[in-house]
Amino acid sequence: MKGNFSSFDKPLIVLELANNHQGDIAHGLNIIEQFGTASKKYFDEFNFALKFQYRNLDTFIHKDYVDSDIKYVKRFLETKLEPDEWIALIDKVKELSLYTMCTPFDEPSVDKVIEDNFDILKIASASLDDWPLIEKIGQSSHENIIASVGGASLDKIKRFYSYMKNREKSIALNYCVSLYPTEKYDLNLGFINELITTFPGTPIGFSTHEAGEVDNTAGLALAAGAKIFEKHIALEDKPKGYLINDYSVNLEQYSSWLENLVDAKKIIGTSQNREKIIDKEIDALRDLKRGVFTKENVMEKDAIKDNIYFAIPPEKNQLLANDISKFSEITTSRKIKIDEALIKNNLLIKNTRPEIEIIRDKVSDELKKFDITLPRNIDLEISHHYGVENFYKYGTCMITLVNKDYCKKILYQFPGQTHPEHFHKIKEETFILLEGDLEVVLDNNKHALSKGDMLTVERDLKHSFYSKSGAIFEEISTEHHTDDSFYTDEKIMSNKERKSKILLISYY
């Protein structure tokens, strides 16, 4: 098998033969042939594997129980196959271009799985904490392993996962319910999401044991994030007395199950496919959007601010209400009459939003690099004292964590960036440098801070700060008031648009 589960570009369908071959090589070959052929039309949608089960029956069953009527003992002995018959089944799977897969239930069978060169080794739910067997598999040369986790607590799954990952195995986990058959309301498919969250980057699958006529659960599992789907398969042969158990599917049920999964795959779609239809959606919504019109006559090169109103219907290429935001700077390129539609060809439009998002993403990356942990759903305040175009020379970024009788902020200073001189009449603040370098000019005296240094700025004391290579620092202060920052440059004080706020969503 080339690569591992993470490299699969399509979901994996596992056809579980189990003991449904009935110990009859001809019947087993017929099942593989028919289900393998039925799968071929779906090769563009899925990868396929056919799974067997190995047990060394000479040691797996205690000698004192060989002649007992115990259900599983009888079943395993009555369906025994010889080594050459196993090889014939494996060759048939390869002939049909399916992956080969096998579950060993004891240590000798692990060696047999490797000897027979199976692509994937499967661990059954009953074996997840069978540590003699798990250690045998962990020490083996086989790398691609899928483990079913039916009946296992999350702690038990974590112990298994940690053991296999420490042995550099390529692991996938199959959620299943070990009740045969499984009732629909016992499935709890939401647990798939918990497995995805707990084991990020690990493919999570769904091993189904529902009745054969239930054909919609794989699609629901796909929606929950499953990438592997295991189904028990069987064929009936009444003359030979071969019946289908309650949790296996016949050929017709298998086709219906696959069709439902294909349909679910199309409905769920992808982010890339959504991008393809967004332009169609925008066109469909345009007539419902309000166009921008002038309240008064507008001269050439006038700024569009409060002298506009919004109404339907919009004209072709007209500026829409959706285009107006605090990040938009719009001026006219010709005279426009009262109540006239603002056509984009007659406007000069500058949108600073992308620049704000770029700043946000850079700050987010720096915080992650230094493992600075922040609460969720928190704003980044970006100060651009002389406009966004001059931000990297004059500005700062602030994250307010608490602002009550006391205040705590995290500040980020870009390399080569200055926060201009200012003072506070109410607030007293203390800086603690966490990363980088910071030069604080305090009442015309320079203070060069290194990591771990602390400096207090008292009320009414003029101060500015600058970083050569970039800085992350804490500000701990009394309560912060939005009208308590007084800049010595009147140009900054008169700039009412010198701050932008944006959710720090890319940090998470």
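Dipole magnitude for region 285-351: about 160 debye, using +1 per Lys or Arg Cβ and -1 per Asp or Glu Cβ, origin at the Cα centre.
Tell me the mean residue ellipticity at 222 nm calculated for the chain from its helices only (DSSP H runs of n ≥ 4, each -39500 (n - 2.57), averaged over every residue, nearest 500).
-8500 deg cm²/dmol
Computed over region 149-262, the convex hull of the alpha-carbon atoms projects to a mean area of 8.0 nm². Treating region 185-247 as a set of equal point scatterers at the Cα positions, no solvent, please give the Debye-formula log₁₀ I(q)/I(0) at q = 0.27 Å⁻¹. One equal scatterer on each Cα of region 185-247 leads to -1.15.
Here are some pairs, Lys369/Lys404; Lys156/Lys362; Lys289/Lys491; Lys158/Lys408; Lys301/Lys409; which of them have Cα atoms lying more than 31 Å apart in this structure? Among Lys369/Lys404; Lys156/Lys362; Lys289/Lys491; Lys158/Lys408; Lys301/Lys409, the Cα-Cα distance tops 31 Å for Lys156/Lys362; Lys289/Lys491; Lys158/Lys408; Lys301/Lys409.
Considering only Phe414, Thr79, Ala211, the residue lying farthest towards the positive end of the dipole of the chain is Phe414, judged by Cα position with unit charges set on Cβ. Dipole orientation for region 44-194: of the candidates Cys102, Phe118, Tyr161, Tyr161 has the Cα lying most toward the positive pole (charges on Cβ; Lys, Arg +1; Asp, Glu -1). Assuming R0 = 60 Å, can you tell me the calculated FRET efficiency for the pair Ile87 and Glu275, based on Cβ-Cβ distance, to the nearest 0.05? For R0 = 60 Å, the calculated efficiency reads 0.80. Inter-label distance, Val402 to Lys301: 5.3 nm, where each label sits 7 Å from its Cα along the C-beta direction. Among residues other than Ile338 with Cβ under 9 Å from its Cβ, the summed charge is -1 (Lys and Arg +1, Asp and Glu -1).
For region 295-361, what is the convex hull volume of its Cα atoms per residue in Å³? Hull volume over Cα atoms, normalised by residue count, gives 90 Å³. The three principal axes of the C-alpha atoms in region 8-269 carry coordinate ranges of 50, 43, 35 Å, sorted with the longest axis first.
Each other residue within a Cβ distance under 10 Å of Glu381 adds +1 if Lys or Arg and -1 if Asp or Glu, for a net charge of +2. Averaging the inverse of every distinct alpha carbon separation and then flipping it gives the Kirkwood radius. What is it for region 354-507, in angstrom units? Value: 15.6 Å, from the Cα pair sum.
Annotation: average projected area of region 1-145 is 9.1 square nanometres, based on the convex hull of Cα atoms across all directions. Taking the charge dipole of the chain about its Cα centre, with +1 at Lys and Arg Cβ atoms and -1 at Asp and Glu Cβ atoms, the residue from Phe310, Val440, Asn250 reaching farthest to the positive side is Phe310. Converting the Cα gyration tensor eigenvalues of the chain into ellipsoid dimensions via √(5λ) gives semi-axes, longest first, of 65, 32, 17 Å. Of all DSSP bridge pairs formed entirely within the chain, close to 65 percent run antiparallel. As a length-normalised measure over Cα pairs under 8 Å and 6 or more apart, the relative contact order of the chain settles at 9 percent.
Every read-out reported here was derived from the displayed coordinates using simple, explicitly stated rules and does not represent laboratory data. Because the structure is a prediction, the values reported are computed rather than measured. Cβ sites come from the backbone with ideal geometry, for glycine too, and all protein chains shown count toward neighbours.
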